[in-house]
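A.B. asks: Pasting a structure below so you can have a look.
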There are 2 protein chains.
Amino acid sequence: MEKLKEMILTHGIALDGGILKVDAFLNHQISPPLMKEMGDEFARRFQGESITKILTVESSGIAPAVMTGLALGVDVVFARKKKSFTMDDSLYTARIMSFTKGEESEFYISKKFLNADDKVLIIDDFLANGQASLGLAEMVAKASATLVGIGIVIEKSFQNGRKILDEKGIHTESLARIKSLDNNTITFL
Amino acid sequence: MEKLKEMILTHGIALDGGILKVDAFLNHQISPPLMKEMGDEFARRFQGESITKILTVESSGIAPAVMTGLALGVDVVFARKKKSFTMDDSLYTARIMSFTKGEESEFYISKKFLNADDKVLIIDDFLANGQASLGLAEMVAKASATLVGIGIVIEKSFQNGRKILDEKGIHTESLARIKSLDNNTITFL
């Protein structure tokens, strides 16, 4: 997606350790028209798949997921990081290791919002080692729902997440694929 | 906002302790068309205010905030709960006590995304004791930016948040105002 690539080149910062900082438009400050375009693009790429639900993980996945849900006309569920008082005990859970934060967290989805009839599209902001996507896919499997595919805003193709998802035969669509962040320079695939 | 009230009556659950569970459409599962309507409504209520930025807090504020930003044509910034490796040290911070979670957390906004020229609209999912709104307003003040107002999806009018904001002279607009959750019954103001 050209508009996204332009935003990454203009506002993204390649840090050491394979980290791409995109807090100017994606995961701290958010550009709503860009989110809208991304949602429309995900809907286009997965059209005809009879998707019934979008699944994402708080917090940076929410904006692109909601715009995708708006385009496809389906509800969004975001996996929550911590059990709040208002959640009941009927939960699907998965432990997810964050590449950027360097810590593992437990995520929850209430069972009432994901069932065996659902055809699920997972949306997330980054694909690095694939841990978040795999954690969400694990919860889809626990619900006996069907995983239609995974939509990623920014894929770091130099890490192994894409390879893992491809090997599992999961239809993965990334709006921008980054070949390298070496020498603090952003290079697309 | 009638559509929102209908959703609250249909899907909301009044729990003991003044807690309203709306995880079916707002803070776990999200209804994108409802978020779009809410964003349009906030934009209408604050039109002519020359807003330059929407400020919210992760995670449940993000969806209504992004739709409001889309309607007003401005960027959204969400205060983040925890310092990640990708954030630098130039941060505005505030400690916010969560009514629902019963714990205090520190939130951050990167200084580069909020400055003295900004006219800020705060959007949040709930107004209970006003702690989240006041924490965000504190960060707006630290940035010497102008607080235009606060847009709330669901106000629990039986708690003191609205009174505190009114006493501070802050223009607060709530899309649904709940008078009481006594006897597990939802009553609007």
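The values are calculated or read from the model by the stated rules, or taken from the named source; none is laboratory data. No experiment lies behind these values; they were computed from the predicted model shown. Heads up, the Cβs are rebuilt from the backbone with ideal geometry, glycines too, and the neighbour counts pull from every protein chain shown.
A.B. asks: Taking A:Ser105, is it buried (at least 24 other Cβ atoms within 10 Å of the Cβ), within 11 Å of another protein chain (Cβ to nearest Cβ) and modelled with pLDDT under 95?
C.D. replies: no
A.B. asks: Right, something else. Being within 21 Å of A:Glu37 (Cα to Cα) and surrounded by fewer than 20 Cβ atoms within 10 Å (Cβ to Cβ), is that true of even one residue in region A:153-171?
C.D. replies: Checked against the condition, which is being within 21 Å of A:Glu37 (Cα to Cα) and surrounded by fewer than 20 Cβ atoms within 10 Å (Cβ to Cβ), region A:153-171 yields at least one hit.
A.B. asks: Moving on. Checking the structure you have, find out if any residue of region A:131-142 is in a loop (DSSP other than H, G, I, E, B), surrounded by 15 or more Cβ atoms within 10 Å (Cβ to Cβ), touching a strand residue (DSSP E or B) at 6+ places or on another chain (Cβ under 8 Å) and touching a residue at least 24 places away in the same chain (Cβ under 8 Å).
C.D. replies: No; the residues of region A:131-142 include none that is in a loop (DSSP other than H, G, I, E, B), surrounded by 15 or more Cβ atoms within 10 Å (Cβ to Cβ), touching a strand residue (DSSP E or B) at 6+ places or on another chain (Cβ under 8 Å) and touching a residue at least 24 places away in the same chain (Cβ under 8 Å).
A.B. asks: Let me ask something else about it. Working only within region A:143-152, note down all residues that are surrounded by fewer than 23 Cβ atoms within 10 Å (Cβ to Cβ) and within 19 Å of A:Val66 (Cβ to Cβ).
C.D. replies: A:Val148, A:Gly149
A.B. asks: Considering only region B:177-185, I want to know if a residue exists there that is buried (at least 19 other Cβ atoms within 10 Å of the Cβ) and under 23 Å from B:Thr10 (Cβ atoms).
C.D. replies: yes
A.B. asks: Somewhere in region B:153-164, is a residue basic (Lys, Arg) and part of a helix (DSSP H, G or I)?
C.D. replies: yes
Residue-wise test of (1) under 21 Å from B:Leu70 (Cβ atoms); (2) within 17 Å of the chain's Cα centre (by Cα).
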| position | (1), (2) |
| --- | --- |
| A:Gly18 | no, no |
| A:Ala24 | yes, no |
| A:Asn27 | yes, yes |
| A:Glu37 | yes, yes |
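A.B. asks: (1) over 19 Å from B:Phe99 (Cβ atoms); (2) in contact with a Gly (Cβ under 8 Å, 6 or more places away or on another chain): which one isn't true of B:Phe113, the others all being true?
C.D. replies: B:Phe113 satisfies every listed condition except (2).
A.B. asks: Moving on to the next point. Could you say which residue among A:Ala43, A:Ala24 is modelled with pLDDT of 95 or more, crowded, with 17+ Cβ neighbours inside 10 Å, among the aliphatic types (A, V, I, L, M) and under 23 Å from B:Lys82 (Cα atoms)?
C.D. replies: Unique residue meeting the criteria: A:Ala24.
A.B. asks: Residue under question is A:Ser50, and the condition is that it be of a type outside the set (A, V, I, L, M) and facing chain B (nearest Cβ under 10 Å); does it hold?
C.D. replies: Judged against the criteria, A:Ser50 is not a match.
A.B. asks: Within region A:27-39, does at least one residue satisfy the condition of being among the small types (Gly, Ala, Ser), in contact (Cβ under 8 Å) with a residue 40 or more places away in the chain and crowded, with 18+ Cβ neighbours inside 10 Å?
C.D. replies: No; the residues of region A:27-39 include none that is among the small types (Gly, Ala, Ser), in contact (Cβ under 8 Å) with a residue 40 or more places away in the chain and crowded, with 18+ Cβ neighbours inside 10 Å.
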